[in-house]
Amino acid sequence: MSELLEVKDIVAGYGDGPAILNGASLTVQPGKVHCIIGPNGAGKSTLLKAICGMLPVRSGNVRFKGESLAGLRPDQILQKGICFVPQERALFPKMTVRENLRMGGFSLKDQSDLERRVDEIEEQFPILKERRDQHAGTMSGGQQQTLAMARTMILRPDIVMLDEPSLGLAPKIVQQVFDIMKVMADTGITILIVEQNALLGLRNADWGLVLDLGRSLFEGPANDVLEDDRIQELYLGGKKVA
Ligand SMILES: Nc1ncnc2c1ncn2[C@@H]1O[C@H](COP(=O)(O)OP(=O)(O)OP(=O)(O)O)[C@@H](O)[C@H]1O
Ligand SMILES: [Mg+2]
């Protein structure tokens with residue numbers, strides 16, 4: 001099998017509470033963009049949290065490069081190459097843009113290597129170079145999202161998981177998020193994105209997963225998900241106009 005990550009029939013929930021994920025599965029292929037769709041409360045964010053170790057997996061398994069991630073802490077999973085950008089972006093608002101980028105690589109021992117990597121990111125994203133001394137919290141939503149996404153690249157991860165990166169952004173900015181995602185994918189990073197705008201998300205993805213009630217209902221090439229009549233009716237706002 002050539003999957004980079006395999007999530008198989010996982011059950012997970014918060015604390016002693018009920019299972020929120022109840023048979024969630026997903027196959028992640030290297031270098032591709034994967035989009036998870038489903039209604040509010042379906043468990044999409046919970047699935048990303050379970051993959052990155054923020055929630056224990058009660059049964060089923062998550063395998064990364066053929067190795068089980070069971071029992072690993074989020075920092076250990078990050079070190080292995082899976083990075084998670086939560087919905088709230090988790091920037092340091094009172095730090096500058098450049099300091100935020102450096103924080104993305106705080107675990108690197110070699111300071112000059114870290115500086116080199118930060119320089120590289122600034123070259124890839126000119127807006128971050130231009131704004132390097134500005135406090136992150138004073139940038140626009142789109143710029144903050146750019147920073148949150150670019151920051152993940154410092155550690156050169158295999159997989160970046162993004163929870164609704166376009167939330168709250170003006171419609172004309174939203175496409176920028178997908179453009180950044182493509183820049184990341186072009187450098188070889190595999191993307192897992194949760195997107196509220198299912199049509200837009202799937203159109204910008206290679207692979208789609210429909211999650212509902214904590215279960216995987218359908219996964220396959222994004223085009224197949226877009227073309228499926230039942231999925232269109234239930235999750236994509238009705239039938240296409242021919
Ligand atoms: N920290 C938490 N503690 C307890 N229950 C939680 C917690 N976070 C989420 N839940 C519950 O888990 C279920 C799934 O939530 P989740 O956030 O994963 O859904 P989602 O698919 O991401 O929804 P949305 O589209 O609204 O972001 C919901 O019933 C929610 O109430
Ligand atoms: Mg969510």
Of (1) within 16 Å of ligand 1 (Cβ to nearest atom); (2) in the same structural domain as V7 (by TED's automatic domain parsing), I77 fails just (1)
May I ask you to verify whether E164 is closer than 30 Å to G17 by Cα and either crowded, with 21+ Cβ neighbours inside 10 Å or under 15 Å from the mean Cα position of the chain (by Cα) (or both)?
yes
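One line per residue, one yes/no per condition, for (1) out of contact with any helix residue (DSSP H, G or I) (no Cβ under 8 Å at 6 or more places or on another chain); (2) open to solvent by 50 Å² or more (accessible area, probe 1.4 Å):
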residue: M139; (1), (2): no, no
residue: L147; (1), (2): no, no
residue: L155; (1), (2): no, no
residue: I159; (1), (2): yes, no
residue: P171; (1), (2): yes, yes
residue: F178; (1), (2): no, no
residue: R203; (1), (2): no, yes
residue: D228; (1), (2): yes, no
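If you take the residues of region 26-43 that are under 16 Å from the mean Cα position of the chain (by Cα) and of a type outside the set (A, V, I, L, M, F, W, C), which of them is farthest from K65 (Cα to Cα)?
Result: G38.
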Determine whether L234 is over 27 Å from G105 (Cα atoms) and out of contact with any helix residue (DSSP H, G or I) (no Cβ under 8 Å at 6 or more places or on another chain).
yes
If V33 satisfies every condition in (1) β-branched (V, I, T); (2) within 15 Å of ligand 1 (Cβ to nearest atom); (3) touching a helix residue (DSSP H, G or I) at 6+ places or on another chain (Cβ under 7 Å) but one, which is the exception?
(2)
Of everything in region 184-212, what is over 21 Å from P39 (Cα atoms) and either at pLDDT below 90 or within 14 Å of the chain's Cα centre (by Cα) (or both)? Give them in sequence order.
M184, A185, I189, T190
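The values are calculated or read from the model by the stated rules, or taken from the named source; none is laboratory data. Everything numeric here is computed off the predicted structure, so don't read it as measured data. Every residue, glycine among them, receives a Cβ derived from its backbone with ideal geometry; neighbour counts consider all protein chains shown. Areas reflect the complete protein model, heavy atoms only, side chains present, ligands, DNA and RNA absent. Shrake-Rupley method; radii C 1.70, N 1.55, O 1.52, S 1.80 Å.
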